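Read through the structure below, which is laid out as structure tokens, and then see the notes.
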Amino acid sequence: MSAKVLVIDDDQDFRVSVRSVLEARGYEVLEAGSGHEGLKQVLEHKPDVILLDIMMETSVEGYGVTHALKYQDEYAAHSHVPIFMVSSIEESPDERFPMSAEVEMIRPDGYLAKPLDIPRFLELLEKAVPAKGTVKTAR
Amino acid sequence: MSEVAAPDTIVVIDDDYAMRLSCSKILSKMGLRVEAFENGARGLEGVAEHKPGLVVVDLKMPGISGLEVISRVHEIDPQIIMVVITGYATIDTAVEAMKSGAYDFLPKPFSPDELRMIINRGLDRRRLALESQRGEVERALLKRRFVTFVSHQLRTPLVAIHQYLDVLKHLDQTKDDPARRQEWLDRCLKRTEELQNLITDWLTLARVEGGTLVKERVEIDLKPIVSSILASYEEMAAAEQVSLDVVWPEEALCVWSDRNCMNVLFDNLITNAIKYNRPGGKVTVTGCLSGGEVAIAVADTGVGIPEKYRPFLFDEFFRIKGEGVKRTEGTGLGLHISKRIVSEMGGSIEVESQAGIGSTFRVRLPAWCAPAEDTEIGGWE
């Protein structure tokens, strides 16, 4: 069974190119064009790993998605799903939310710069979730 | 929040017991918290501990002098207001104290009213200073957010292009799929165009920061301008299966403005109306003269603009994206620039929209009437 990657990004071209890379590696790819849509897909399709854009021009941006997944009861069954945040700007959560105690709550499992360094990205992803033969543990 | 509570504490440093006592009494009655100390060394410890908003210090004390206390308090916090107490004989020193950062001085003997007045003034000054400091911090933060935002806007298309090319070059899965390869290359071109437009719009705005977009003022009839813009988009509209319509009155629709700006304004509104439309849809431009104004409406038959987005429509970089909206290549600056042009001319721009029916942008500009020569001169003799 192929591992499922959910790509949440408001740039369709970014999703298209990432999809082709992931599919070539044997991953199953789900796409969402907004944070809101991404959260819906999490509940519906139970992805194994999430690639998440930070700055999206939609009502729920990247950090909002991370926060919901990690702390809202609705998503409790998915709070362990690794999240890789991608962005074209170097802005850590500490810079985005200066002097906020809640910063710790939204730290993702990894950061990746856009455009993706594809070999490195695949290596990281493979480490977190191998493309094939994932054994689904009972949740 | 210590910053807010701090101004309520006053530290009094004076070696004279009676002076400490009377100052404490008067200030306590004003609702202030007072901490009094008998010399400079203890006083400085007190300042570090109590973080006062204002310090009253006697200039002539054994040990650390009042002058030194001023500079050392300001090392702790430059925003603390310093008021010095001085005898008649030491006015010169008081002046020196002011030069070294004291806010004001009280010559001995002084009345309770004088003390109260000077303290209130000092605390007001402190509040103002703190507020403006907070304002500066906020402005700096906003500016940094803005720079981050702009660089994100510029990088987004570049990232998309880079990634398509990277995948095309290295993974080459599109080798056996020329149609897909072609599609990706087309997307790269589109995104390059988007980046170009973004830079153009951005430069337009950056160049006029603080200045005006409307450079010259000449008499312009909007009818031929709008008609020629419509003509230039006929091909694009046909590709989108959108028809273009115009309803003009007999008379000319003249305004007093900049030709280039009028082109930008109506180009923005018309291209938006074509892009955010539906196949089989229509763009209708209507114009009329009413109440000394030229009113031009650009109506589309698109999905409409959800009410929650309308307040932000004319903001810099605002774009409706994501949920259920088709992909378009706007820069997010077009409507902002349009609004600026209209405002500079003393006009207005408004939007009406109905879900599933379409949106109408209404521009109203002061009409330009050529002075009628015979009435101007006053007729025949």
Taking the criterion of being surrounded by fewer than 21 Cβ atoms within 10 Å (Cβ to Cβ) and more than 10 Å from chain B (Cβ to nearest Cβ), would at least one residue in the range A:31-40 satisfy it?
yes
Name every residue in the range B:25-55 that is of a type in the set (G, A, S) and over 19 Å from B:F105 (Cβ atoms), in order of residue number.
B:S28, B:G31, B:A41, B:G46, B:A48
Of all residues in the range B:9-52, how many are under 42 Å from the mean Cα position of the chain (by Cα) and within 20 Å of B:G87 (Cα to Cα)?
1
Hey, B:D186 hits all of (1) in contact with a strand residue (DSSP E or B) (Cβ under 6 Å, 6 or more places away or on another chain); (2) modelled with pLDDT of 90 or more but one; which does it fall short on?
(1)
Over the range B:264-308, the set of residues free of Cβ contacts under 8 Å to residues at least 60 places away in the same chain, among the β-branched types (V, I, T), in contact with a Phe, Trp or Tyr (Cβ under 9 Å, 6 or more places away or on another chain) and within 14 Å of B:S353 (Cβ to Cβ) is B:V303, B:I305
Within the range A:10-30, can you find the residues that are outside any helix (DSSP H, G or I) and at the interface with chain B (Cβ under 10 Å from one of its Cβ atoms)?
A:D10, A:D11, A:R25
Restricting the range B:62-81 to residues that are outside any helix (DSSP H, G or I) and hydrophobic (A, V, I, L, M, F, W, C), the one farthest from B:V47 (Cα to Cα) turns out to be B:I64
Would you point out the residue of the range A:7-28, among those that are free of Cβ contacts under 8 Å to residues at least 12 places away in the same chain and among the hydrophobic types (A, V, I, L, M, F, W, C), that is nearest to A:A128 (Cα to Cα)?
A:A24
Test B:R134 against the stated conditions and say whether it is more than 14 Å from chain A (Cβ to nearest Cβ) and under 28 Å from the mean Cα position of the chain (by Cα).
no
Considering only residues that are at pLDDT below 80 and within 14 Å of another protein chain (Cβ to nearest Cβ), which ones fall in the range B:138-156?
B:E138, B:A140, B:L141, B:L142, B:K143, B:R144, B:R145, B:F146, B:V147, B:T148, B:F149, B:V150
The listed residue being loosely packed, with under 12 Cβ neighbours inside 10 Å and closer than 30 Å to B:S343 by Cα, out of B:E136, B:E193:
B:E136
Of everything in the range B:157-181, what is in contact with a helix residue (DSSP H, G or I) (Cβ under 8 Å, 6 or more places away or on another chain), at the interface with chain A (Cβ under 10 Å from one of its Cβ atoms) and at pLDDT 80 or above? Give them in sequence order.
B:P157, B:L158, B:V159, B:A160, B:I161, B:Q163, B:Y164, B:L165, B:D166, B:V167, B:L168
Top-ranked residue of the range B:82-126 - restricted to ones that are acidic (D, E) and assigned to a helix (DSSP H, G or I), ranked as surrounded by the most Cβ atoms within 10 Å (Cβ to Cβ)
B:E96
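The values are calculated or read from the model by the stated rules, or taken from the named source; none is laboratory data. In this text, all values refer to a predicted model and were calculated from it rather than measured experimentally. Cβ atoms come from the backbone with ideal geometry, glycine included; neighbour counts cover every protein chain shown.
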